[in-house]
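Written below as structure tokens is the structure these notes are about.
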Amino acid sequence: MNDKDELFQKKKETALKKLRLHGFFGRVDRGIIDIVDMINSMRDYYTTSSCEGRIQVADIPPDHKKTETRILFKSHDVVPWDALSEKINTGFENILWLMFQPPILHVIARDVSAADRFIKIGKQAGFKQSCALSLKPFPMMEIRDRMDMSVPLGINGKLIMSDEQMRSIY
């Protein structure tokens, strides 16, 4: 095994330890764990983060500062409109966003040719926005679809859409 292979293996082992720890604390999405485990069982790949997709309502400041964003609701499951509507009407200060976010995986590959193979498989599986994010020290890929949607529902504490309009989006 050469130095680069040893480094890859060491980084993979570290990532898998972190994944087990996150799993222990319930921070790994149940709906994507089988895919994550399958990828991590392959010689040339390991995951660094994942999400099975979600519905989210957030109060986001105009400058989009993550530290000042308040998540009012988040679910990885299909949610009845009434439950979601309840969260929308709980009060907000900035811009209230309804977001539908697709599944996403961040995967490290052993080398560029392994990354290329993985991206092609991702695109064939319907994750059309799959791409390489960086190449060094090892290629990092983002496997995701482009089917996301973010809709502003309110500004400065006041809704800009009626319940009927919001329901039609949902």
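The values are calculated or read from the model by the stated rules, or taken from the named source; none is laboratory data. Since this is a predicted model, take the numbers as computed values, not measurements. Reconstructed Cβ throughout: ideal geometry from the backbone, glycine too, with neighbour counts over all protein chains shown. The protein model used for the area step is the full one, side chains on, heavy atoms only, and it has no ligands, DNA or RNA in it. Shrake-Rupley method; radii C 1.70, N 1.55, O 1.52, S 1.80 Å.
Please list the non-local residues whose amide H lies under 5 Å from the amide H of residue 138, H modeled 1.01 Å from N, same-chain partners needing a gap of 5 or more.
Counting only residues 5 or more places away or on other chains, the set is empty.
Just grab the label-to-label distance for residue 83 and residue 43, each label 7 Å out from Cα along the Cβ direction, in nm (one decimal).
Rounded to a tenth, the inter-label distance reads 4.4 nm.
Just one of [x] 51; [y] 35; [z] 45 is percent of Cα pairs over 23 Å apart calculated from these coordinates, so which is it?
The value matching this structure is [x].
Each residue of the range 89-95 in order: what ³J(HN,Hα) in whole Hz does its phi give by Karplus 6.51 cos²θ - 1.76 cosθ + 1.60, θ = phi - 60°, with x for Gly and Pro?
Result, rounded to whole Hz: 9, 8, x, 8, 10, 10, 10.
Over the range 82-170, what is the mean sequence separation of C-alpha contacts under 8 Å (at least six apart), divided by residue count, expressed as relative contact order in percent? The partial results should precede the final answer.
Working: 132 pairs, mean separation 32.4, N = 89.
Worked out over the range 82-170, it gives 36 percent.
Label the range 35-94 by shape, choosing from rounded, prolate and oblate, from the square roots a ≥ b ≥ c of the eigenvalues of the Cα gyration tensor; if a/c is under 1.5 it is rounded, and otherwise prolate applies when a/b is larger than b/c, oblate when it is not.
The shape class here is oblate.
With every protein chain present, what is the per residue accessible area of the chain (1.4 Å probe, Å²)?
Numbers: 10580 Å² over 170 residues.
Per-residue accessible area for the chain comes out at 62 Å².
Using 1/(1 + (r/R0)^6) with R0 = 41 angstrom and r between the beta carbons of residue 15 and residue 158, what's the FRET efficiency to the nearest 0.05?
On the way: r = 44 Å, r/R0 = 1.08.
Once the sixth-power term is evaluated, E becomes 0.40.
Using modelled backbone amide H atoms (1.01 Å from N, in-plane), which distant-in-sequence or interchain residues come within less than 5 Å of residue 49's amide H?
106
What is the ratio of the Cα radius of gyration of the range 127-170 to 2.2 N^0.38 Å, where N is its residue count, to two decimals?
Numbers: Rg = 17.8 Å, N = 44, 2.2 N^0.38 = 9.3 Å.
In units of the globular-protein estimate, the range 127-170 measures up at 1.92.
Counting only C-alpha contacts under 8 Å and six or more residues apart, can you give the relative contact order of the chain as a whole percent? Walk me through the numbers before you get to the answer.
Numbers: 277 pairs, mean separation 34.3, N = 170.
For the chain, the relative contact order is 20 percent.
Would you please give the residues with an amide H less than 5 Å from that of residue 153, counting only those at least 5 places away or on a separate chain, with H modeled from the backbone geometry?
Counting only residues 5 or more places away or on other chains, the set is 96, 97, 98.
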